[in-house]
Amino acid sequence: MEKQASFRGNGVSKDFINRFKSSDFYREIYLKHKDEIIIGIRNGYINLYYNCDNIAKIECKPYSLKGTLSSYYTEGVSGKEVSLTAPELVRLYEQVKKQSNVRNTQEKKAQSRLVIGNNNNPASRWFCIDVEYTKPAQKARFDIIAISKERPHKVALIEVKYGADSLGRKCGVREHIKDFYSFFVENSFDKLKSELISIIQCLQELDVGLPLELQHLKEEDISSVPEFYIVVLNNKSESRGSTPKQTVSGYLFQDGRWGSKKQSSLITKEGDYFAIINHDKSFPLTFLFSESTLPNLGIVDILDDDSYTKEVISL
């Protein structure tokens, strides 16, 4: 996730969009690499993502567009920000990609492949409109936001996990469920809706392949309650250990479901899944487990792919 809050607000201006589309940030980076670049709409700026790494925060200056990125991508050492013109980023693009590729960020790479694979699939019922959404004050941290093409337009808030090692650490599955539930009970979705409309309008103007069903969308067209998903990839056991699905169960449930081999002490200390959500029957959470792995996930339908085993959690 991005370290700072990614406030969307009213997105970016029409003038900014026109200047961006006339620049090499758009023509040489995005259009020529649509199979690996994702555009993120922010409040007053645009991000370009490769492997879901932010490789350019593009701002509209009085006389030019500038892209800011971490010096890690240009110099191999983090610690400062580097400002580049569009031609400079084009020249360094392969180096930036190389630096991103060597990072041990399997989840982010999988996240990127899920979004691009889904959005290139016209048969998918969903379209991904944002990645790396972060608003700490609202407990809003979503790897992916997708919206259904059919009315009523449902919004899916998605967290991606890759392998068993991603499930128990500080940003593990329990913490994400806590954040999901806080977002749900605090009615933060009402605030998010207007941002989603702004994002969709900007994406339409940027010609990113927004489906016809989502063009000219209004807030009242969006369902009143979001859906929450945790997608767990690389669902394979390692060294005769548990599968990630079994590990998830051990962190959340006391009943040994899904063939869980052991139970986390966190359940005794903090409570199980049902305690986390205050036994709220209205909270909609679905797990999707897949054995698919990088580099070629092969998943082209972000929530309905045939490779998934689906588990809807209910009281």
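Taken together, the values in this text are just the output of simple stated rules run on the coordinates, not laboratory data. This is a predicted model, so every value here is computed, not measured. Glycine also receives a Cβ, built like all others from the backbone with ideal geometry; neighbour counts cover every protein chain displayed.
Applying both filters, DSSP loop and at most 16 other Cβ atoms within 10 Å, to the GluC sites (Glu not before Pro) of the stretch 132-223 gives 150, 186. Cα centroids of the stretch 76-135 and the stretch 168-240: 18 Å apart. Starting from the Cα of residue 13, move 7 Å in the Cα-to-Cβ direction to define the label point; list residues of the stretch 80-122 whose amide nitrogen is under 15 Å from there. Under 15 Å, as judged by backbone N against the label point of residue 13, lies no residue of the stretch 80-122.
When only DSSP loop residues count, what trypsin sites (Lys or Arg not before Pro) in the stretch 269-314 have their Cβ near at most 10 other Cβ atoms within 10 Å?
For trypsin sites (Lys or Arg not before Pro) across the stretch 269-314 that sit outside H, G, I, E and B with at most 10 neighbouring Cβ atoms in 10 Å, the list reads 281.
Applying 1/(1 + (r/R0)^6) with r as the Cβ-Cβ distance of residue 257 and residue 225 and R0 = 22 angstrom yields a FRET efficiency of 0.30.
Note on the chain: antiparallel DSSP beta bridges, both residues inside, total approximately 75 percent of the bridges counted. Taken about its Cα centre, the chain carries a charge dipole of about 640 debye when Lys and Arg each add +1 at the Cβ and Asp and Glu each add -1 at the Cβ.
Ratio of Rg to Rh for the stretch 160-315, alpha carbon only, Kirkwood?
Numbers: Rg = 17.8 Å, Rh = 17.5 Å.
The Rg/Rh ratio comes out at 1.02.
Evaluated on the stretch 202-269, the Kirkwood hydrodynamic radius is 15.9 Å, with distances taken between all distinct Cα atoms. Entry for the stretch 258-315 at q = 0.16, 0.19 Å⁻¹: log10 I(q)/I(0) = -0.73, -0.88, Debye formula applied to identical alpha-carbon scatterers, no solvent contribution.
Summing +1 for each Lys or Arg and -1 for each Asp or Glu among the other residues whose beta-carbon sits under 13 angstrom from that of residue 272 gives +2.
Put in line by how crowded their Cβ is, counting other Cβ atoms within 10 Å and starting with the fewest, 74, 243, 68 read 68, 74, 243. The calculated FRET efficiency for the pair residue 310 and residue 269, based on their C-beta separation and a Förster distance of 30 Å, comes to about 0.50. Helical runs assigned H by DSSP (4 residues or longer) give the chain a calculated mean residue ellipticity at 222 nm of -8500 deg cm²/dmol, each run adding -39500 (n - 2.57) before division by the residue total. Annotation: the chain has a Kirkwood hydrodynamic radius of 20.4 angstrom, from the mean reciprocal C-alpha pair distance.
So which of 218/310; 14/218; 170/310; 261/310; 135/261; 97/218 end up more than 27 Å apart, counting from Cα to Cα? Long pairs (Cα-Cα over 27 Å): 218/310; 135/261; 97/218.
For the stretch 223-310, which GluC sites (Glu not before Pro) are in a loop by DSSP, counting at most 16 other Cβ atoms within 10 Å?
Filter output for the stretch 223-310: 238, 291.
Here's how it looks for residue 153: its modeled amide H is under 5 Å from those of 223, which are all 5 or more places away or on a different chain.
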